[in-house]
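Remarks on the structure that follows.
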Amino acid sequence: MKNLRKAFGYGKYARKTEEPYAPPATQLSDDERNIIRLFKYMRPKGSPTEQAFVDTYLRPLGFTRDPFDNLVVTVGEDAPWLFSAHLDTVHDVEGIQSLHYGNDGILRLSKKAKRNGSNCLGADDTAGIWLIMEMVKAGVPGTYIIHHGEESGCIGSSDLAKGDPMWLSQFRFAMAFDRAYQTDVITHQMGRRTCSDAFAKSLSAALGGSYRPDDGGSYTDTNEYAGIIPECTNVSVGYRGQHGDGETQDVKFLIWLRDRLLTIDYSSLVIERDPTRAPWDDDDYLPFYGTRYGELSGADYAADVDFKELVLEYPDLIVDLLEGCGINKHDILDQVSLFYGYEKRVSACSGLIRRRR
């Protein structure tokens, strides 16, 4: 029996769970080291750590705050296109987190970070910020904007769209780097067309790899500009499991994507969509999310779907929808207090924290 316990790892012979092998820092490329350095920052909106990130990495590249707290820099002239990411992450706490980077090229939270309360990696949208930084350093012409408060309801972009639409109207396209997976060039957000198929196809061809148009977009800052800028899209940057402690980033893919973005002739992309056209025309509105979130798209199918089961099946999508409407975790907890009492709110918070640990 002792030998069996030892062989199969029972009792005192139980093997400790180890994290996958991580290559020594000396084996990392400069790109990998720089990416890992950025991803260590936990940046809730308006936190001192968010500002420290700005001061350390973005101001040296020439980024300055606009009247709506977005960070903006323009490179070159006669380049009427806008590239975007967002500054904030959905971390519950601020500070510096420890990470694990395996020889498979996947970056994730370390076990220590999870024990210390980190609830996400923050690839959404540190990946997009790194791409923008690299494009600025390489001198790729265009205007670059890193939005304020996207995770709290696209605050910076919505304020900009309302406060200075004339400035936005100079751009032919707005391209966000804020999409999960490795394949999507988004044509629809919140079921509404924000980008033409022609533009998405031309960008997909320019990017190469497995990129193709996708109509299953949820919501990001470029959606706020769809009534002003002709082509408003969102591009996959290689993260998965956003908004949770299982979030990962494919670093090798991110570096490959950077290399592609530095070589594209953006003036050759096809501009076709008319932003003044009514956004809810029958041909442009999807009553249900498209290819990424399944193929249910009509009333005949929806009639057989239980709403609660749908929410449980697609929690990430529901979170995106709520945040796009400006609803955050504090609003949800307030409703818990209202309907179930303050003690239930405290219990809910405690339970969520325990599950993360």
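Over all alpha-carbon pairs in the range 17-268, figure out the percentage whose distance exceeds 25 Å.
Numbers: 12305 of 31626 pairs.
Of all Cα-Cα pairs in the range 17-268, 39 percent lie more than 25 Å apart.
Kindly write out, for the range 56-67 in residue order, the coupling ³J(HN,Hα) from the Karplus curve 6.51 cos²θ - 1.76 cosθ + 1.60 (θ = phi - 60°), rounded to whole Hz, with x marking Gly and Pro.
7, 10, 9, 4, x, 8, x, 5, 10, 7, 8, x
For every other residue with a beta carbon closer than 13 angstrom to the beta carbon of Ile132, add +1 if it is Lys or Arg and -1 if Asp or Glu, then tell me the sum.
Details: positive: Lys137, Arg258; negative: Asp125, Glu134, Asp178, Asp221.
Net of charged neighbours comes to -2.
Just so you know, all these numbers are worked out from the coordinates, no wet-lab data involved. Small disclaimer: the values here were computed from a predicted structure and weren't measured. Cβ: placed from backbone, ideal geometry, glycine included. Neighbour counts: every protein chain shown.
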